[in-house]
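FYI, it's all coordinate maths here, none of it is from the lab. In this text the structure is predicted, and so the values were computed from the model without any measurement. Cβ atoms come from the backbone with ideal geometry, glycine included; neighbour counts cover every protein chain shown.
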Amino acid sequence: MNDAITSPLPTSPTSLCASPPTSLCAKSQSLEISSSLTPPAQDNSGSGLHVRNATVHYGTKVAVDNVSLDVLPGEIVALLGPSGCGKSSLLRAIVGLEPLASGSIAYDKADLAGVPVHKRGFGLLFQDGQLFPHRDVARNIAYGLEGGQMLKPERAARVAELLELVGLVGFERRAVATLSGGERQRVALARSLAPRPRLLLLDEPFSALDRALRERLAVEVRDILRATGTTAILVTHDHDEALTVADRIVLMNDARLTNPATHPMNREFVTSETFQKLQTSGSALPRSGRGDEISCCPHREQEG
Ligand code: ADP
Ligand code: MG
């Protein structure tokens, strides 16, 4: 079973490049809010994350195509889409691991162009990788607190607080090799939260776990993110997971966001048969009958 890597300073940047493309992404269906229901104007000047017209290329491959996305402070947004559609690439760009071919990313009004990964104040919880095997649980959690201003007793108190938060009191001195997959993920989450990141980016953090554990952990993670007021983006291809964790769901397909990113997702639609079809076949979507907010139409230029 894979462990998660979490770190304010990623030890394995390439671990985000994971999912091979699938036939789903080769299709070009797009869900969009009908033009009669214009989403609220995007707030470029406010606090939080503001991605504008971001494009990421790998050679001639366009992995992220003109994407705009706002995440407000305290908000938990799920980025939902099939494997290979560009979710991890967008996350990598936000965190600073991938350069933008065009567009911009700002946080709290400050443009992040040229700001290195470790200065962005973002936390990462990747889909695979490992905790530091030579560090026990407490020292894994303390990793992001070292080398800063924090004194040792203060660090120990913060670690204790996080152990309690993720339900691992008493695990301080345990070697990570002795932990179950779910326990490792909790340690990974604690480690990413320890430095109080202003934005936490989670890339399919439950994908290595079995279904029952995934469901349980998704609920726990949601509760922890809410309790700590953490601003977060969860990348997932699992719509149940997105519904469990997120306040808002943004759909991605074929390198593009397919619903305007500032519009609250119609949660009923995500559970609908129509949406299931997109997830499983990528087949053409009929016009949505519910809510009027979402309709199917061919690709067109994204708003923003
Ligand atoms: P997702 O996370 O949605 O599964 P990715 O962002 O990992 O999608 O990948 C989007 C597309 O970009 C895929 O076609 C993938 O093969 C391609 N890709 C991802 N990383 C690289 C890379 N480092 N070099 C070339 N192509 C890449
Ligand atoms: Mg991915």
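Structural remarks
- In nm, spacing of pseudo-spin labels at S104 and S180 (7 Å Cα→C-beta vector): 4.8
- Relative intensity, log₁₀ I(q)/I(0), of segment 180-248 from a Debye sum that treats every alpha carbon as a point, q = 0.23 Å⁻¹: -1.06
- For segment 146-159, 3J(HN,Hα) computed residue by residue from phi via the Karplus equation (6.51, -1.76, 1.60; θ = phi - 60°) reads 7, x, x, 7, 5, 7, 4, x, 5, 4, 4, 5, 5, 5 Hz, glycine and proline entered as x.
- For segment 91-101, the Karplus equation 6.51 cos²θ - 1.76 cosθ + 1.60, evaluated at θ = phi - 60°, returns couplings of 4, 4, 5, 4, 7, x, 8, 10, x, 7, 6 Hz by residue, with Gly and Pro reported as x.
- Under 5 Å, built H, 5+ apart or other chain: amide partners of L69: V51, R52, N53
- Neighbourhood net charge (14 Å Cβ-Cβ; Lys/Arg +1, Asp/Glu -1) for R226: -2
- In sequence order, calculated HN-Hα J values of segment 61-70 (Karplus, 6.51, -1.76, 1.60; Hz; x Gly/Pro): 7, 9, 8, 9, 10, 6, 8, 10, 7, 10
- Close amide H contacts of L112 (hydrogens built in the peptide plane, cut-off under 5 Å, sequence separation of 5 or more or a different chain): I105, A106, Y107.
- For V64, distant residues with modelled amide H under 5 Å away: V56
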